[in-house]
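*Asks:* One structure, pasted below without further comment.
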Amino acid sequence: MTAAATSAILRSRAAPLALGFGTLVVGILAVEVLIRIGVINRFIVPLPSQIALAFERVITEEDIVERFRLTFFEALTAGVMITVVGVAIGILLYRVNLLRQATETWIAAMASAPTVLMYPLFLVIFGRSAWTIIMMGFVAGLPPVILKTIEGLSGTRRVLINVGRSLKLTGPQLFIKILFPAALPTIFVGVRLGLIFTLINVVGVEFLINFGGLGQLINDLAERYDLPGTYAAICFVILVSVVFFMITEWIERWLRPAT
Amino acid sequence: MAETRHLTARAAPRWPSPVLMVRVAIILAVLVIWQGLAVSGWLYRDVVPRLEIIAAALWTLLTHPEQVRFEFLFWTIETEMPSYYANLWATASEVVQGLLIGGLLGLAVGLVLGANRLMASAFEAYLYYLGPTPKIIFFPVMIMWFGVGSGSKVAMGAISCFFPIALSTAAGMRQIDQVLIRVGKSFRANTWQMVTKIYLPAMRHPIINGVRLGLGVCIIGTLLAELKLSNRGIGFLIIQAYSLFDMPRMYAMLIVLFVIAIGVNALVGRLGGLHTIRRS
């Protein structure tokens with residue numbers, strides 16, 4: 001490849017990135033100027049420069065590492081639960097076709113239902129504790145794991161199953177050696193979706209019940225009317241969820257060639 | 001002979017399908033287990049109330065009349081009916097306003113991103129990664145911007161539904177058959193005609209799918225905002241029932257709400273003709 005061609009490709013990839021990032025920077029600068037000249041009320045929207053400075057304060061004074069650890073622990077516990085229970089239910093429904101036909105539409109409906117509104121009910125059952133948050137994350141993240149497990153197992157290529165049968169594999173061997181590995185990438189898509197729903201619900205319920213990690217931090221700062229801190233904490237949560245989303249996406253891509 | 005076969009077929013008993021029977025069995029099993037737990041005394045009686053108490057609460061919720069006030073934009077109507085409907089109206093109007101604002105913005109942004117490759121490469125990643133963040137964390141900001149009234153709830157609904165509709169529209173626009181676009185251009189259609197005559201009709205299914213996803217998250221966003229801070233709406237009624245520890249009423253409201261949310265979701269899909277899509 002010639003130097004000119006390489007340079008053209010780099011330019012073609014760099015141009016959209018520069019446009020996107022440049023627009024973001026210009027937008028932030030515009031908000032800074034509009035607040036400074038009094039067009040935007042600084043008691044409603046803090047200066048972006050103040051928000052940038054508040055990051056350090058939020059990290060050092062608000063014990064963000066411990067809060068992050070708590071949110072991570074809640075999301076991880078719920079994530080492990082949705083994976084174990086969701087995959088097990090998915091396998092059961094794949095094996096018992098009648099049960100699958102009877103319940104698959106219910107599970108799909110549950111995925112679109114506003115289950116997070118049940119949090120007052122969970123507060124009554126589990127109290128104002130981490131378990132309320134974990135269970136809300138679990139309920140929200142379970143349906144995609146079940147549905148994708150069924151889809152993955154049902155989508156296993158016939159030829160692979162026939163190869164297993166020709167080698168006289170037993171039922172459990174066929175499942176462990178053929179069906180499960182073939183379904184793994186699709187199952188992970190479900191686990192990834194479930195983890196996203198779980199994280200959304202964990203942070204959301206932390207914010208709503210004012211308990212736990214990062215969600216509670218935003219609520220605390222907002223109640224103290226610490227505007228730069230609130231905005232900085234919101235940016236931090238967005239950053240955490242974007243990084244989490246990117247990592248799970250990367251793992252999904254890594255698993256995909258296995259098919 | 002044909003008549004005989006016809007009569008025989010008509011006389012044959014029609015058994016319910018096994019799937020229906022399993023569904024009924026599951027529902028009955030859940031109800032029996034619930035009632036068993038309620039009367040056993042193993043759990044707090046108020047946390048797991050008996051079925052007849054929940055049924056009574058459901059009946060009261062939907063039929064007990066009170067003096068209520070409906071508000072919409074500049075109009076106010078006072079009448080006597082169950083307060084649930086006035087609060088349902090408040091939530092529904094917030095959801096509709098949120099869906100209109102967020103949906104139209106999402107549609108416009110999606111059309112721009114779908115039509116221009118440079119814009120899509122520059123900005124779509126931001127939408128893609130911001131989409132799955134928990135939107136409820138923006139609620140303190142929305143209260144600052146739009147106040148503690150219905151404005152902040154509408155804003156929460158709009159933010160929630162903007163992302164799925166924008167991403168779905170952009171993806172749908174890229175999937176339009178190029179032949180249709182060339183036909184439009186060969187007729188010298190202007191931008192408005194291209195949008196209304198070619199792009200929007202060709203993207204009907206992705207847009208309806210986006211609206212369906214958007215509606216679901218719009219309802220959740222609005223109700224969560226009501227749960228956090230409000231004095232009317234279904235979210236307010238739920239958190240009020242929790243504060244008063246009126247569990248049967250809370251169960252009744254959750255049942256009605258789930259039925260409405262799932263029903264509306266299915267209705268939008270059916271109206272948009274999603275059930276007619278054939279999977280290849």
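*Asks:* Connecting C-alpha atoms closer than 10 Å in a GNM of chain A, tell me which of A:G212, A:G127, A:G79 has the biggest fluctuation.
*Replies:* Evaluated over chain A, the most mobile residue of the options is A:G127.
*Asks:* Given R₀ = 45 Å, FRET efficiency for A:E104-A:L19 by Cβ-Cβ distance, to 0.05?
*Replies:* Taking R0 as 45 Å, the efficiency between A:E104 and A:L19 is 0.55.
*Asks:* B:I33 to B:R204: extension gain in nm, 0.36 nm per residue of separation minus the Cα-Cα distance?
*Replies:* Length gained, B:I33 through B:R204: 57.1 nm.
*Asks:* At 0.36 nm per residue, minus the direct Cα-Cα distance, what do B:I260 and B:L118 gain on full extension? Give it in nm, one decimal, please.
*Replies:* Result: 47.0 nm gained on full extension.
*Asks:* With the Cα gyration tensor of region A:58-258 in hand, give its eigenvalues times 5 under a square root as the equivalent ellipsoid semi-axes, listed largest first in whole angstrom.
*Replies:* 38, 19, 12
*Asks:* Report, to two decimal places, the Cα Rg of the protein assembly as shown normalised by 2.2 N^0.38 Å (N = number of residues). Walk me through the intermediate numbers first.
*Replies:* Working: Rg = 26.2 Å, N = 539, 2.2 N^0.38 = 24.0 Å.
Here the answer is 1.09, to two decimals.
*Asks:* From the phi angles alone, apply the Karplus equation (6.51, -1.76, 1.60; θ = phi - 60°) to region A:121-136 and give each ³J(HN,Hα) in whole Hz, x where the residue is Gly or Pro.
*Replies:* Those phi angles translate into 5, 5, 4, 5, 6, 9, x, 7, 9, 4, 5, 4, 5, 4, 5, 5 Hz.
*Asks:* Could I ask something else about it? What number comes out for the charge environment of A:W106, summing +1 per Lys or Arg and -1 per Asp or Glu over other residues with Cβ under 15 Å away?
*Replies:* +1
*Asks:* Over chain B, with a Gaussian network built from C-alpha contacts below 10 Å, which listed residue (B:G131, B:G36, B:G210) shows the highest mean-square fluctuation?
*Replies:* B:G36
*Asks:* On to the next question. If you take the beta carbon distance between B:S83 and B:V148 as r and set R0 to 22 Å, what does 1/(1 + (r/R0)^6) give as a FRET efficiency, to the nearest 0.05?
*Replies:* Computed FRET efficiency for B:S83 and B:V148: 0.60.
*Asks:* For region B:38-92, what is the convex hull volume of its Cα atoms per residue in Å³?
*Replies:* Normalising the Cα hull of region B:38-92 by residue number yields 82 Å³.
*Asks:* Next question. Using a Gaussian network model of chain B with C-alpha springs under 10 Å, which one of B:V217, B:V109, B:V183 is most mobile by mean-square fluctuation?
*Replies:* B:V183
*Asks:* While we're here: Using the beta-carbon distance between A:V80 and B:M21 and R0 = 35 Å, what value does 1/(1 + (r/R0)^6) give for FRET efficiency, to the nearest 0.05?
*Replies:* Plugging the Cβ-Cβ distance into 1/(1 + (r/R0)^6) gives 0.50.
*Asks:* DSSP loop (so not H, G, I, E, B), at most 14 other Cβ within 10 Å: list which trypsin sites (Lys or Arg not before Pro) in region A:144-242 pass both filters.
*Replies:* Values: sites: A:K148, A:R157, A:R158, A:R165, A:K168, A:K177, A:R192, A:R224; in loops: A:R157, A:K168, A:R224.
Those satisfying the criteria are A:R157, A:K168, A:R224.
*Asks:* Please give the residues of region A:194-235, grouped as numeric ranges, whose backbone N is less than 13 Å from a label point set 7 Å along the Cα-to-Cβ vector of A:Q50.
*Replies:* Once the point is set 7 Å along Cα→Cβ of A:Q50, A:225-232 turn out to lie under 13 Å by backbone N, inside region A:194-235.
Here, each number is a calculation from the coordinates, and none is a lab measurement. What you see is a predicted model; the values in this text were computed from it and never measured. Here the Cβ is made from the backbone with ideal geometry for all residues, glycine too, and neighbour counts use every protein chain on show.
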